[in-house]
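Q: My structure is below; once you've seen it, I'll send some questions.
The values are calculated or read from the model by the stated rules, or taken from the named source; none is laboratory data. Keep in mind that what you see is a predicted model, and the values were worked out from it rather than measured. Every residue, glycine among them, receives a Cβ derived from its backbone with ideal geometry; neighbour counts consider all protein chains shown.
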């Protein structure tokens with residue numbers, strides 16, 4: 001068990017922290033909170049299909065998520081993004097439930113899909129997440145200024161010959177790829193709060209985007225470690241405990257930031 | 001000397017004509033203004049020149065390695081984005097030696113480390129102007145640069161633009177709806193309403209029939225003196 005913790009779970013939570021910090025910041029800046037939540041909900045459909053037809057789970061989740069994002073993209077001119085997300089957010093979940101009812105012989109564990117279970121993770125997930133994280137980090141580091149300028153103002157970025165469509169594609173693909181791997185570990189319901197909370201907390205106490213990303217990585221790691229310890233000590237849900245720890249850190253640093261701002265105004 | 005030439009430019013958006021038959025020559029060191037009502041295609045021209053959007057048809061000939069400084073019409077900073085002016089200039093590829101001489105001119109010395117989301121509209125606009133000026137461009141494209149500035153700020157900005165254009169022989173293209181300021185400061189005024197209605201020096205344009213048709217009401221409001229109508233009594237305490 002100790003060996004599994006050291007060789008599988010520790011690297012996994014470290015990689016989840018890196019992705020949560022970076023992609024969570026992108027999600028906040030691009031106002032993708034609702035969309036990332038709906039992608040994670042929709043990914044349950046992919047997982048269900050993989051259970052029912054014995055396909056590779058990661059591949060199925062990725063395919064359904066990509067189809068979902070493409071659907072949103074095609075319909076974006078007709079409806080506002082908020083309307084689209086509200087329209088489709090839980091359709092994936094509903095479809096998954098209906099599909100599973102048709103196949104009585106196969107049991108789909110919806111509880112672990114919705115609320116996650118780190119014990120479901122295996123070496124393949126670690127390898128997939130390591131490769132995904134490496135690619136995301138390398139692309140981000142080499143294009144940091146272009147990415148930030150595109151997020152700030154796409155027109156200004158385009159006027160500097162930056163391919164903003166490619167950068168948007170990179171951001172959304174990274175989010176989909178991360179959700180694909182992390183959904184069974186963290187759970188569809190809690191995934192987006194674990195993306196957003198550390199980044200939102202870091203934004204209150206940092207002065208530049210780079211520091212915000214780094215601090216959200218640290219906060220994500222901190223909330224995962226404390227959440228896991230709390231869940232082990234009191235036999236609670238791991239993902240739930242991690243999300244609650246993130247929220248406690250958000251409240252504490254939020255109060256600290258508010259006090260600091262009001263003191264500096266006096 | 002022309003640094004940019006546009007000929008027979010047409011732009012459609014989902015079959016709707018946004019611009020047609022646009023011919024424009026931009027000369028070095030001159031201030032050009034594009035005026036026109038809402039939806040007349042002013043910002044679209046600016047975006048086509050800055051290669052933000054591709055026109056449906058037409059030719060655009062640019063001087064080789066033409067450097068353009070652009071101030072977009074809309075610039076909103078999200079509260080979750082912690083970014084200072086210094087960091088903003090840095091991601092735009094500017095060094096301290098590029099922007100520091102302009103900081104005091106635009107009264108921004110005390111705002112350099114503040115979060116951009118905490119600045120007023122006018123302060124943010126001045127930061128965008130510094131960003132465009134500091135790259136030492138051949139052509140400055142300013143889309144509604146005075147929209148958040150008060151009257152003093154507007155006068156000051158046009159003075160700086162004139163000085164800058166003269167000193168660096170930079171061409172300036174201003175998109176504006178503020179006739180009063182534009183008429184005073186431009187070498188060449190282009191009156192746009194999906195096509196070029198009229199163009200020329202401010203004096204020529206002002207007597208043009210098409211110009212008066214488009215801006216008749218605004219011109220009238222400029223000459224009618226402001227009258228303060230009292231429908232209330234001034235109390236001694238509140239006066």
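Q: Could you list, in sequence order, all residues of the stretch B:61-72 that are modelled with pLDDT of 90 or more and either within 14 Å of chain A (Cβ to nearest Cβ) or within 28 Å of residue B:120 (Cβ to Cβ) (or both)?
A: Result: B:62, B:66, B:67, B:68, B:69, B:70, B:71, B:72.
Q: Do we have residue A:192 as outside any helix (DSSP H, G or I), at negative phi and at pLDDT below 90 here?
A: no
Q: Next question, about the same structure. Looking for whichever is buried (at least 20 other Cβ atoms within 10 Å of the Cβ) and within 14 Å of chain A (Cβ to nearest Cβ) here; the options are B:26, B:31, B:45. Which one fits?
A: Matching residue, one of B:26, B:31, B:45: B:45.
Q: Further, regarding this structure: Let me confirm something: among A:189, A:225, A:255, which residue is in contact (Cβ under 8 Å) with a residue 40 or more places away in the chain, surrounded by fewer than 19 Cβ atoms within 10 Å (Cβ to Cβ) and more than 12 Å from chain B (Cβ to nearest Cβ)?
A: Answer to the check: A:225.
Q: Please indicate, with yes or no, whether at least one residue in the stretch A:80-103 is modelled with pLDDT under 80 and over 25 Å from residue A:193 (Cβ atoms).
A: Yes: one or more hits.
Q: Looking only at residues in the stretch A:141-160 that are more than 7 Å from every other protein chain (Cβ to nearest Cβ) and more than 24 Å from the chain's Cα centre (by Cα), which one is nearest to residue A:22 (Cα to Cα)?
A: Only one residue fits best here, namely A:157.
Q: Please give the number of the condition residue A:138 fails out of (1) more than 14 Å from every other protein chain (Cβ to nearest Cβ); (2) more than 30 Å from residue A:6 (Cβ to Cβ); (3) at pLDDT 85 or above; (4) in a helix (DSSP H, G or I).
A: Unmet for residue A:138, out of (1) more than 14 Å from every other protein chain (Cβ to nearest Cβ); (2) more than 30 Å from residue A:6 (Cβ to Cβ); (3) at pLDDT 85 or above; (4) in a helix (DSSP H, G or I): (2).
Q: Take residue B:16 and tell me if it is loosely packed, with under 14 Cβ neighbours inside 10 Å, without any contact (Cβ under 8 Å) to a residue 12 or more places away in the chain and closer than 30 Å to residue A:209 by Cβ.
A: no
Q: Moving on to the next point. Can you tell me which residue among A:197, A:233 is in contact with a helix residue (DSSP H, G or I) (Cβ under 9 Å, 6 or more places away or on another chain) and in a helix (DSSP H, G or I)?
A: None of the others qualify; the one that does is A:197.
Q: Turning to a different aspect of this structure: Do you know which residues across the stretch B:68-90 are surrounded by 19 or more Cβ atoms within 10 Å (Cβ to Cβ) and in a helix (DSSP H, G or I)?
A: Once the filter is applied, which keeps residues that are surrounded by 19 or more Cβ atoms within 10 Å (Cβ to Cβ) and in a helix (DSSP H, G or I), the stretch B:68-90 yields B:85, B:87, B:88, B:89.
Q: Of (1) outside any helix (DSSP H, G or I); (2) in contact (Cβ under 8 Å) with a residue 12 or more places away in the chain; (3) more than 14 Å from chain A (Cβ to nearest Cβ), residue B:175 satisfies all except one. Which?
A: Going through the list (1) outside any helix (DSSP H, G or I); (2) in contact (Cβ under 8 Å) with a residue 12 or more places away in the chain; (3) more than 14 Å from chain A (Cβ to nearest Cβ), residue B:175 breaks only (3).
Q: Out of the residues in the stretch B:91-116 that are at the interface with another protein chain (Cβ under 10 Å from one of its Cβ atoms) and over 14 Å from residue B:133 (Cα atoms), which is surrounded by the most Cβ atoms within 10 Å (Cβ to Cβ)?
A: Looking at the filtered set, the residue picked out is B:116.
Q: Would you confirm whether any residue within the stretch A:104-111 is closer than 30 Å to residue A:238 by Cβ, free of Cβ contacts under 8 Å to residues at least 60 places away in the same chain and assigned to a helix (DSSP H, G or I)?
A: Yes, that holds for at least one residue.
Q: Moving on to the next point. Quick one: how many residues across the stretch A:2-29 are more than 22 Å from residue A:134 (Cβ to Cβ) and in contact (Cβ under 8 Å) with a residue 60 or more places away in the chain?
A: So the count comes out to 2.
Q: Another question about this same structure. Would you be able to say whether some residue in the stretch A:237-248 is more than 14 Å from every other protein chain (Cβ to nearest Cβ) and outside any helix (DSSP H, G or I)?
A: Among the residues of the stretch A:237-248, at least one is more than 14 Å from every other protein chain (Cβ to nearest Cβ) and outside any helix (DSSP H, G or I), which makes the answer yes.
Q: Do the conditions hold for residue A:166, that is, is it touching a residue at least 12 places away in the same chain (Cβ under 8 Å) and in a helix (DSSP H, G or I)?
A: no
Q: Listed residues A:203, A:216; which is closer than 27 Å to residue A:89 by Cα, within 14 Å of another protein chain (Cβ to nearest Cβ), at pLDDT below 95 and touching a helix residue (DSSP H, G or I) at 6+ places or on another chain (Cβ under 6 Å)?
A: A:203
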